[in-house]
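A quick write-up on the structure given underneath.
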Amino acid sequence: MNVLSESLLEHIRRTGNFVLATHINPDGDALGSLLSLADILAGMGKKVFRYLEEPVSPLYRFLPDSHLVRTDMDELAAFVREAGADVLCIALDCGDRKRLGRNADELLRIRPFLVIDHHKGNDGFGDLAWIDSRRSSTGEMVFDLATALGQKPSAKAAEALYAAIVTDTGSFHYESTSAHTFDVARQLVAAGVRPDQVSRNLYDNYSVARLQLLQMVLATLEVHCGGRIAVITVTRDILDRTGCALEDTENFINLPRSVTSVQVAVFLKEAGEGRISVSMRAKDACDVAEVAAQFGGGGHRNAAGFKAAATTLAEVRGRLLQELQRQLGC
Ligand SMILES: [Mn+2]
């Protein structure tokens, strides 16, 4: 369902208890959508359980109410028990059930289960869905949901929503950035959001260790196809030597992407124990969601990724380069 139906709104209005969840390794859109919707629902007098598999990453602790996130499954079970039949579970920004993480089965047992998402290729898991792949971000959808419910986001919710939209539009750079996206952003700024502060929190809050990590990751740069494909890599060794975690590499991929000739930027990440995680960013010449799907992943036309297990960096790199070269005809 790519429209927000009146029956869905009615369902939300008459429900008293909500469990909100999102995808694993949540980004600004995932967390911003979850925290803002929680605030909006709480403002309507509803009880909300903000579920995450892991505590909020330090990078995102500036988001209002990030300390209210819960990770304890016993606490979740108690909340659901107390709610009885009066409960709705909402997965935000989550493209498929696997991305719900290790407790996906328990979450999906909470019925009804609603999915609000903008990922292309979302298979519409759950009982109810509002999926619109033309949207820039789930944050943009949460804003429209609030409006449809007659709720004006609080200052806290507005900040989280703005961070969500800035994250997923690459600061209003990506193709999915629409006139409506700007209209939502305008209303959030009119509500008091300070774009400079959100940008500083999102992009200017790094450590020296992360800069050294960036230095080492950029040293791995390789270009192929006459400069149309750029690949950067982070290994366990680089992470160990800099004392950084995989999450510290967020946004690194934008640097190879920013090269004029580059049509596809690839970031290969060694996640440990034979697990490789791959992010891709594309300009117009290539649909990386299609490429990612061939490796069991997904995403958007311009931003997609996949994970591979029981393999090596060299193997994934070789197979992926072959496929990208085929797509680009080089
Ligand atoms: Mn998103």
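Quick notes
- Residues in the stretch 129-163 that are within 12 Å of the ligand (Cβ to nearest atom), of a type outside the set (Asp, Glu) and not in a helix (DSSP H, G or I): ILE131, SER133, ARG135, SER136, SER137.
- Residue in the stretch 33-46 that is basic (Lys, Arg) and surrounded by 16 or more Cβ atoms within 10 Å (Cβ to Cβ) present: yes
- Scanning the stretch 163-198 for residues that are loosely packed, with under 12 Cβ neighbours inside 10 Å and among the aliphatic types (A, V, I, L, M), we see that the one that is nearest to the chain's Cα centre (by Cα) is ALA179.
- From VAL166, VAL189, residue being modelled with pLDDT of 95 or more, farther than 19 Å from LEU52 by Cα, within 15 Å of the ligand (Cβ to nearest atom) and not assigned by TED's automatic domain parsing to the domain that holds VAL234: VAL166
- Test: residue in the stretch 199-215 that is within 16 Å of the ligand (Cβ to nearest atom), in contact (Cβ under 8 Å) with a residue 60 or more places away in the chain and either surrounded by fewer than 17 Cβ atoms within 10 Å (Cβ to Cβ) or basic (Lys, Arg) (or both): no
- Taken across the stretch 216-232, residues that are closer than 16 Å to ALA282 by Cα, among the hydrophobic types (A, V, I, L, M, F, W, C), at pLDDT 95 or above and touching a Cys at 6+ places or on another chain (Cβ under 7 Å) do occur, with at least one present.
- The criterion of at least 1 residues that are farther than 24 Å from SER207 by Cβ is met, among helices (runs of 4 or more DSSP H) falling completely within the stretch 218-330, by 288-294, 313-328.
- Test for ARG301: is it under 17 Å from GLY170 (Cβ atoms) and either in the same structural domain as LYS98 (by TED's automatic domain parsing) or buried (at least 20 other Cβ atoms within 10 Å of the Cβ) (or both): no
- Which listed residue, of THR249, THR260, THR242, is farther than 22 Å from SER36 by Cα and touching a helix residue (DSSP H, G or I) at 6+ places or on another chain (Cβ under 6 Å): THR242
- Scanning the stretch 309-323 for residues that are surrounded by 12 or more Cβ atoms within 10 Å (Cβ to Cβ) and not charged (D, E, K, R) gives THR311, THR312, LEU313, VAL316, LEU320, LEU321.
- Hey, PHE182 farther than 20 Å from ILE253 by Cβ, assigned to a helix (DSSP H, G or I) and either within 14 Å of the ligand (Cβ to nearest atom) or of a type in the set (Lys, Arg) (or both) or not: no
- Check on ASP29, of a type in the set (Asp, Glu), closer than 21 Å to ALA148 by Cβ and within 16 Å of the ligand (Cβ to nearest atom): yes
The values are calculated or read from the model by the stated rules, or taken from the named source; none is laboratory data. None of the values given here were measured: they were computed from a predicted structure. Don't worry about glycine lacking a Cβ; one is built from the backbone with ideal geometry, like all the others, and counts go over all protein chains shown.
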